[in-house]
1. Kindly establish whether residue 109 is away from the ligand (no atom under 16 Å from the Cβ), of a type outside the set (Ser, Thr, Tyr) and free of Cβ contacts under 8 Å to residues at least 24 places away in the same chain.
2. Among the residues of segment 114-133, write down those that are crowded, with 16+ Cβ neighbours inside 10 Å and not in a loop (DSSP other than H, G, I, E, B).
3. State whether the residues of segment 40-58 include one that is at pLDDT 95 or above, within 16 Å of the ligand (Cβ to nearest atom) and surrounded by 20 or more Cβ atoms within 10 Å (Cβ to Cβ).
4. May I ask you to verify whether residue 75 is closer than 18 Å to residue 23 by Cβ and of a type in the set (D, E, K, R)?
5. Is there a residue in segment 78-93 that is within 16 Å of the ligand (Cβ to nearest atom), assigned to a helix (DSSP H, G or I) and under 25 Å from residue 127 (Cα atoms)?
6. Name the single residue that is farthest from the ligand (Cβ to nearest atom) among those in segment 147-164 being part of a strand (DSSP E or B) and open to solvent by 40 Å² or more (accessible area, probe 1.4 Å).
7. Give the residues of segment 123-144 that are free of Cβ contacts under 8 Å to residues at least 40 places away in the same chain and touching a Leu at 6+ places or on another chain (Cβ under 6 Å), sorted by residue number.
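The values are calculated or read from the model by the stated rules, or taken from the named source; none is laboratory data. For clarity, every value in this text was computed on a predicted model and none was experimentally measured. Note: ideal-geometry Cβ built from the backbone for every residue, glycine included; neighbour counts use all protein chains shown. What goes into the accessible areas is simple: the full protein's heavy atoms, side chains included, and nothing from ligands, DNA or RNA. Shrake-Rupley method; radii C 1.70, N 1.55, O 1.52, S 1.80 Å.
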Amino acid sequence: MKVIGICGSPRKGNTEWMLRKLLEKVAEEGARTELILLREKQIKGCDGCLTCEVGGSQRKGLCRIQDDMQMIYPKLMEADGFAFGTPVYFDMLSGLLKNFMDRTCPIWPHLESKPVVGVVVAEAGIGQAVANLKAYAGICSMRWVGQVTTLAKKPREVARDADVELRLERLGRKLVRSLKA
Ligand SMILES: Cc1cc2nc3c(=O)[nH]c(=O)nc-3n(C[C@H](O)[C@H](O)[C@H](O)COP(=O)(O)O)c2cc1C
C-alpha cells in the first residue's frame with residue numbers, strides 16, 4: 001500500500017509541515033509514503049492539445065509534454081491513496097496544485113476509487129479551497145476521506161495550533177483504514 005502526498009505550496013511552509021505530519025502517521029500505520037513537492041518540479045502548463053484523449057493514450061498515461069510529469073505519471077497510477085495539500089490563495093487552491101491537476105489529464109481515469117484526503121491552510125479563511133479539492137476528486141471518481149484545515153500565515157506558524165497535529169494523525173489513520181476498505 002502506498003500513499004502519495006502532493007504539496008502545492010511554493011515555499012517550505014505550513015502545507016508541507018502538515019503533509020509531513022500526516023504522512024508520518026500513514027507510515028506508522030504500515031503504508032509506504034512519498035511526498036512530492038511541486039515547487040521542486042519542472043511542470044509546464046497543460047497546452048490543451050487533448051492528444052491524451054485519443055488512441056488509448058489515457059489508458060497508457062501518455063502526455064506529449066516532456067517534463068517532470070513524465071516520472072510522476074507512473075507513481076500516480078501505481079499509488080493506492082493520496083493526500084493533496086494546498087495553501088489558500090485568493091480563496092482557492094494554489095496555482096501550483098491546479099497546474100499539476102490539469103496535467104493529470106492523461107492519467108485521471110487511473111485514479112478512480114482511490115481514497116484521497118486534503119490539508120488546507122490559510123491566513124484568515126479557507127474559502128473555496130476544500131471545495132476545489134473535492135471537485136477534482138469528484139471528477140476523478142476518487143473517494144473523499146476527509147480534510148484538515150487550519151489558519152496560519154508565516155512558515156511553521158501552523159505548529160502553534162494545539163490540536164492540528166492530533167487532527168492530522170486522526171486523518172492519516174482514517175486514510176490508511178480506507179486503503180484497506
Ligand atoms: C498569493 C497569496 C494569496 C493568498 N490568499 C489568501 C486568501 O485568499 N485567504 C487567506 O486566508 N490567506 C491567503 N494567503 C495566505 C496563505 O494562505 C498563508 O500564508 C498560508 O499559511 C500559506 O501556506 P504555506 O506556508 O504552506 O505556503 C495568501 C497568500 C499568498 C502568497
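1. So residue 109 fails the test.
2. 115, 116, 117, 118, 119, 120, 121, 122, 129, 130, 132, 133
3. no
4. Answer is yes for this residue.
5. Scanning segment 78-93 turns up no residue that is within 16 Å of the ligand (Cβ to nearest atom), assigned to a helix (DSSP H, G or I) and under 25 Å from residue 127 (Cα atoms).
6. 147
7. If the condition is that a residue be free of Cβ contacts under 8 Å to residues at least 40 places away in the same chain and touching a Leu at 6+ places or on another chain (Cβ under 6 Å), then 140 is the only one that fits.
For every residue, the table says whether it meets (1) under 17 Å from residue 158 (Cβ atoms); (2) not small (Gly, Ala, Ser).
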{"site": "17", "(1), (2)": "yes, yes"}
{"site": "27", "(1), (2)": "no, no"}
{"site": "49", "(1), (2)": "no, yes"}
{"site": "60", "(1), (2)": "no, yes"}
{"site": "65", "(1), (2)": "no, yes"}
{"site": "89", "(1), (2)": "yes, yes"}
{"site": "102", "(1), (2)": "no, yes"}
